[in-house]
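Notes for the one structure printed next.
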Amino acid sequence: MLVRAPGRVNLIGEHTDYSNGYCLPMAIDRECRIQSTPNASAVVTAGSRQLDGRVQVAVDTGRAAPDSAPWGKFVAGAVSVLIDAGHELAGCDLEIDSTVPAGSGLSSSSALSVALILTLLPAQSALRAD
């Protein structure tokens, strides 16, 4: 399964949305894509074309393996949120590819987080249905 989430910019209201101010975000033509494949383990594994290292996150605890790459905190966070929401997760392999430049103010972290949640939810439903 392939999922995508766009980067974004704020046309008006940068940093005012959390202070009850006006904000007008807009999706851009940069995106984070995640290809997922079910696996037979109790682990979500992830690799990235742009970032070094691999990530392994336990589906029962949401904890990343000690040797996981630093960017694995995003994968662990997505798994933890789904566990906390009551979802039973199964293992899968993720390959991440993003054209949203990190640190550019185009919401690369948000694009990654949204793509992870969108990827993990349907993948888990499909795995349990088999």
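Only residues that are in contact (Cβ under 8 Å) with a residue 12 or more places away in the chain and at positive phi were counted in segment 51-98, giving 2.
How many of the residues in segment 1-44 are in contact (Cβ under 8 Å) with a residue 12 or more places away in the chain and among the acidic types (Asp, Glu)? Summing the residues that are in contact (Cβ under 8 Å) with a residue 12 or more places away in the chain and among the acidic types (Asp, Glu) in segment 1-44 gives 2. Only one residue in 121, 89, 106 is buried (at least 17 other Cβ atoms within 10 Å of the Cβ) and touching a helix residue (DSSP H, G or I) at 6+ places or on another chain (Cβ under 8 Å). Which one? On inspection, the qualifying residue turns out to be 89.
If you filter segment 85-130 down to residues that are over 17 Å from residue 74 (Cα atoms) and part of a helix (DSSP H, G or I), you find that the one that is modelled with the highest pLDDT is 122.
The values are calculated or read from the model by the stated rules, or taken from the named source; none is laboratory data. Source: prediction; values computed, not measured. Cβ sites come from the backbone with ideal geometry, for glycine too, and all protein chains shown count toward neighbours.
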